[in-house]
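The values are calculated or read from the model by the stated rules, or taken from the named source; none is laboratory data. Predicted model only: the values in this text are computed from it and were never measured. Reconstructed Cβ throughout: ideal geometry from the backbone, glycine too, with neighbour counts over all protein chains shown. To get the accessible areas, we keep the full protein, side chains included, count just its heavy atoms, and leave off ligands, DNA and RNA. Shrake-Rupley method; radii C 1.70, N 1.55, O 1.52, S 1.80 Å.
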Amino acid sequence: MTRLFALLLLIGCPSEPGPAEAPRPPEACRSESTPDTWFSDQSDAIGLRELVVEGNRLSITDLDSDGWPDLAVSRATNGLRDDFEGTRQHHLLRNTGGDGFEDVLESSGFSATRDGDVGRAWNFALWGDVDNDGDLDGLAIVAKHEVDADHPDLGDRSEVLLNDGGSFTFAEADDLQAVWANSTSASLLDADRDGWLDLFVGNQYGVFGNHATSEQDRYYQGRADGRFRDRTEQAGLSVDSGGIPGTATAAAYSADMGQNVRWATFGTTVCDTDGDGDADLLTQTYGRGLNQHWENQGDGTFLSRTAESGWHSDLAEGGGDYSTDQRFRCHCQGAGAATEECQGVPNPIIGCTPGGWTPGWDDQPHRLAGNTFSAACGDLDGDGDLDVATGEIRHWWTPGASDPSTVLWNDGGDVTGWERRPLEDIGLALEQTTNNWNEGDLTVAIADLDNDGHADILRPQSDYPDTHMRLFHNDGDGTFTQRAAEVGIDFQRAASVALSDFDQDGDLDVFTTFSRMRCDADCEHATPEVHYFRNEVGHTRNTLQVRLVGTGGVNRSAIGARVAVTAGGRTQIQELGAGAGHQGVQHELMLSFGLGEACMADSVTVTWPDVEATTETWEAIPANWAVTLRKGDEQPTWRGWEP
């Protein structure tokens, strides 16, 4: 018996009964009892240490369509295959019923290679029903690497693995294998709303740090047989490479906020930012470059809205103060000492080396933005449109010239105008306890973790000393309170995140990994361990978990669908996504709504991602039952209940 039923307190809640022809499960209302600790580390209890599960990248799937969320893990080590008798690079873990895992990477066929061997290399995985046959297929994304004796090119490329009841086989080779790129991120979507999933892949530098070598992001259109064809140029996403420092073409990086040049993309995020029923693209750029915003024109073609939307950076809000950059201060102490802009600039507190600062390049907008790794979409203020939380890397030596992690508030306009509010005003400012601090926000997630009806921000932080998971609890008034330590989830050097209701008790549990980057002998863990934090608070409140099935022009996974739940006098919206931010963060393909004290959802409205943006509404949906809504069906279905 899962905790979903073991912990229910059945009490009477006033509500209107459903009509006789549309029966509902019995009301299962919860009486709130908030525990002292919200999260407990149950990694050992579910066998993660016994199975020696290690890695840096996580994603959630359901391999066998049994309703229990499964877990994919990758070390993201370039070019290395699995040695099933020795060092493991990947795990594919089947949930055995909420109490543990079985590793099925080899037995499922997911590790097969095209050369007949096993242990295929891949960096991260996404999951969606690309052939619309009812189960979740895998997309294993491979990043190009520097080939040497330790990392030879074994020929492994990004692949579609078609799922047949938990067994995987290769889709026919297609355009996905034709380009071997420095892929950092990917997202599934149905850009043209034809009912078949498409794929958007973000690529970074060809030569790290050299803007002129930034590789083209690519859009692949999905076909019925599970293959993808490259339609980057046809979709309007193809742009030219830019210039290099000291050349005339370098100005292209700042013109129109760089919307006509390539960038080093480190994250991709898909959501309907303007609420018009189609999927828009938000890319995240490294090197303090300018993030890019692509608006879907309704037919799977895109128009850059970067300059006017303000997605690019904090510059419009007064960011970009390069006088705080220690390298600029070195310049002012040396070659730039006589220039006007250097007058009154403080002395540097770092050791200076020649050539660390290039005037006319490092003082331009394209070098004064962020090291943006991730972005997650969610309605954080309950106004009916999707806001965005970002994850950024930032350092003590250039605080004013590098964007911090923040929230971009959506104003609901046709061309989305993002508002940035002072971090101190909304509770997202971080108190730094050392002079040489680093912020390593590689990933970010938006979810209502305590089921109080307000979406929280979970932000792992890693790769540097003194970094750890941050949980910003939504206080319901547009502000947040940092509570990670208080609620038991301030895990050190948290490198990634994946959310699922692993034990099916009605709340979202958290999987994360430990980063060994820049570790010394005193590091907390000797390996990149995967950890499971069981949610101990969410199931004490009422919740509604919604699963979607697309039919009739909607992709079977319903990726891109928007759901609005009205309960207790409030309406919450969420959008179903697959792959967000750095290395394709993917949570369980289920939407979880906290209802607080409400025992019933008055209505659940789904806007499906088809050409017509079909909208359907179901009424009087009881809380605390996982409901499945299938396009075209008048009657929902509930897990564990038969009418």
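Tabulated results
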item	result
Distant-in-sequence amide H partners of Phe593 (H built 1.01 Å from N, under 5 Å)	Leu544, Gln545, Val546
Average accessible area per residue (Å²) across the chain - probe 1.4 Å, nucleic acids and ligands excluded	37
Sorted peptide list for 71-80, 444-453, criterion being average Cβ within 10 angstrom, highest first	444-453, 71-80
Alpha-carbon Rg with Dmax, taken over the stretch 84-240, Å	16.4, 51
Estimated FRET transfer efficiency when R0 is 30 angstrom, pair Ala613-Asp164 (beta carbons, to 0.05)	0.40
For the chain: relative contact order, % (alpha-carbon pairs under 8 angstrom, 6 or more apart)	16
Inter-label distance for Gln297 and Asp602, nm, one decimal - labels placed 7 Å from Cα along Cα-to-Cβ	4.1
Nitroxide proxy distance, nm - points 7 Å out along Cα→Cβ at Ala149 and Gln333	4.2
Segments 334-347, 42-55 sorted - mean Cβ within 10 Å per residue, highest first	42-55, 334-347
Carbon and sulfur %, accessible surface of the chain computed with the full protein complex present, 1.4 Å	46
Segments 593-604, 393-404 sorted - mean Cβ within 10 Å per residue, highest first	593-604, 393-404
Cα centroid separation - the stretch 327-348 against the stretch 89-147, whole Å	53
Hz values of 3J(HN,Hα) by residue in the stretch 52-61 - Karplus curve (6.51, -1.76, 1.60), Gly and Pro given as x	6, 8, 9, x, 10, 10, 10, 8, 9, 9
Most positive-pole-ward Cα, Pro348, Thr615, His151, against dipole of the chain from beta carbon charges	Pro348
Thr184 - accessible surface, heavy atoms, 1.4 Å probe, Å² rounded to 10	0
Dipole magnitude of the stretch 215-291 about its Cα centre (Cβ charges: Lys, Arg +1; Asp, Glu -1), debye to nearest 20	360
Rounded accessible area of Asp240 (nearest 10 Å², 1.4 Å probe)	110
Inter-centroid distance (Cα atoms) of the stretch 413-461 relative to the stretch 522-574, Å	18
Contour excess over end-to-end distance, with Cα ends at Asp475 and Leu423 and 0.36 nm allotted per residue	17.3 nm
Farthest toward positive dipole pole in the chain [+1 Lys/Arg, -1 Asp/Glu at C-beta], among Ser185, Ala564, Gly336	Gly336
Built amide H within the under 5 Å cut-off of Gly584, gap 5+	Ala186, Thr268
Vicinal HN-Hα couplings computed from phi for the stretch 270-275 (Karplus, 6.51 cos²θ - 1.76 cosθ + 1.60; Hz; Gly/Pro x)	10, 6, 7, 5, 9, x
Dipole of the chain [Lys/Arg +1, Asp/Glu -1 at C-beta], most positive-end residue of Thr372, Ala485, Ser309	Thr372
Trp437 accessible area, assembled protein chains, probe 1.4 Å, Å²	40
Potential lengthening between Glu32 and Asp66 on full extension [0.36 nm per residue; Cα-Cα distance subtracted]	9.3 nm
About the Cα centre, charge dipole magnitude for the stretch 254-343 (Lys/Arg +1, Asp/Glu -1 at Cβ), debye	640
Interatomic Cα distance distribution for the chain, bins of 10 angstrom, percent	3, 16, 28, 28, 17, 6, 2, 0, 0
The chain - charge dipole about Cα centre, Lys and Arg +1 at Cβ, Asp and Glu -1, debye rounded to 20	1260
Pair Ala485, Val118: separation of 7 Å Cα→Cβ label points (nm)	4.7
Amide H contacts of Leu629 (H built 1.01 Å from N, under 5 Å, at least 5 apart or other chain)	Arg547, Leu548, Val549
Stretch gain in nm, segment Ala620-Gln343, where the contour uses 0.36 nm per residue and the Cα spacing is subtracted	92.9 nm
Rounded if a/c under 1.5, otherwise prolate or oblate - the stretch 523-643, Cα gyration tensor axes	oblate
